[in-house]
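The values are calculated or read from the model by the stated rules, or taken from the named source; none is laboratory data. Predicted model, so just to flag it, every value in this text is computed and none were measured. Note that each Cβ is placed from the backbone with ideal geometry, even for glycine, and that neighbours are counted across all protein chains shown.
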Amino acid sequence: MAADVALSQALAYARDLRNLYEVTRAREAEIARAHDKLRAAYQQSLTYAVDLKKTHRRLQSSILQSLLGLANALEAKDEYTRGHSDRVAALARRLALAAGCGSREAATIAHAGLLHDLGKIAVPERILRKPGPLTDDEWSVMRRHPLTGAQIVAPLEFFADGALIVRHHHERHDGSGYPDGLVGDTIPVGSRIVAIADVYDALTSDRPYRPALTVCRARERLLAEADRTLDRRLVAIFLDTVLHEPSDPSFRQ
């Protein structure tokens with residue numbers, strides 16, 4: 001009798017183990033299916049994220065190209081500044097590379113050179129084209145253009161460094177520049193590079209108030225400004241390297 005009870009209990013225990021095993025296998029299969037679904041959803045989300053990132057970059061690139069077109073259109077209205085930003089960009093890129101900047105940083109500096117005067121869109125034409133000296137009030141308006149330009153390009157996240165270059169391209173080594181009165185190495189190197197390219201192209205181009213200077217005279221002016229308003233090291237690299245290179249096509253990539 002006792003043996004029968006023990007056998008019955010053993011069989012019941014075996015059935016319970018088998019049921020538990022079947023339930024466990026079913027749960028494992030369910031978990032595996034859920035895992036597969038999660039993995040598929042994860043892969044899909046990764047693909048979506050990559051596509052979204054590509055779309056975002058294309059959109060920002062499109063916006064940048066539109067701003068470049070706007071800057072070009074702004075210059076085209078004035079025979080004295082037509083092509084100025086293209087030349088500044090090309091010179092700035094060459095100076096950046098000669099000064100040891102990487103290709104990506106040099107490209108950012110060149111793009112900032114293309115857009116450095118974009119803020120002049122908010123400056124009245126009567127001030128932009130005035131043949132004589134500006135009044136204090138007119139200078140106050142003109143001096144806002146770097147800040148305005150930086151604000152226009154600020155929404156472009158990938159161009160954050162470029163926005164800083166645009167903002168500070170009129171800062172001067174001795175602190176006499178604008179809009180923030182930065183001094184020396186506190187001025188972003190890209191801004192210091194664009195400043196040299198900007199000054200050189202302005203000196204060697206005709207203006208309503210004076211004819212273009214010769215390259216020799218422009219070199220003298222740059223040397224005179226070294227350490228006072230321009231970075232002496234970068235001026236030396238510009239004069240010794242960039243001006244001895246053959247001219248390259250305007251940078252526009």
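Kindly check whether there is at least one residue in the stretch 100-108 that is within 24 Å of residue 192 (Cα to Cα), buried (at least 19 other Cβ atoms within 10 Å of the Cβ), small (Gly, Ala, Ser) and out of contact with any His (no Cβ under 8 Å at 6 or more places or on another chain).
yes
What about residue 121, is it surrounded by 22 or more Cβ atoms within 10 Å (Cβ to Cβ) and of a type outside the set (Asp, Glu)?
It is false that residue 121 is surrounded by 22 or more Cβ atoms within 10 Å (Cβ to Cβ) and of a type outside the set (Asp, Glu).
Taking the criterion of being in a helix (DSSP H, G or I), of a type outside the set (Gly, Ala, Ser), surrounded by 16 or more Cβ atoms within 10 Å (Cβ to Cβ) and modelled with pLDDT under 95, would at least one residue in the stretch 156-177 satisfy it?
Yes, some residue in the stretch 156-177 is in a helix (DSSP H, G or I), of a type outside the set (Gly, Ala, Ser), surrounded by 16 or more Cβ atoms within 10 Å (Cβ to Cβ) and modelled with pLDDT under 95.
Which residue, of 187, 196, is in contact with a helix residue (DSSP H, G or I) (Cβ under 9 Å, 6 or more places away or on another chain), within 13 Å of residue 113 (Cα to Cα) and surrounded by 13 or more Cβ atoms within 10 Å (Cβ to Cβ)?
Values: 187 fails: within 13 Å of residue 113 (Cα to Cα).
None of the other options fit; the residue is 196.
What about residue 57, is it part of a helix (DSSP H, G or I), surrounded by 10 or more Cβ atoms within 10 Å (Cβ to Cβ), on the phi < 0 side of the Ramachandran plot and modelled with pLDDT of 75 or more?
no
Could you list, in sequence order, the residues of the stretch 184-213 that are within 23 Å of residue 98 (Cα to Cα) and part of a loop (DSSP other than H, G, I, E, B)?
Applying the first criterion (within 23 Å of residue 98 (Cα to Cα)) to the stretch 184-213 yields 184-204.
Answer for the stretch 184-213, where residues must be within 23 Å of residue 98 (Cα to Cα) and part of a loop (DSSP other than H, G, I, E, B): 187, 188, 204.
Just to check your reading of the model, which residue among 106, 150 is in contact with a Lys or Arg (Cβ under 8 Å, 6 or more places away or on another chain), modelled with pLDDT of 95 or more, of a type in the set (Gly, Ala, Ser) and more than 21 Å from residue 239 (Cα to Cα)?
Working: 106 fails: more than 21 Å from residue 239 (Cα to Cα).
Only one candidate passes the filter, namely 150.
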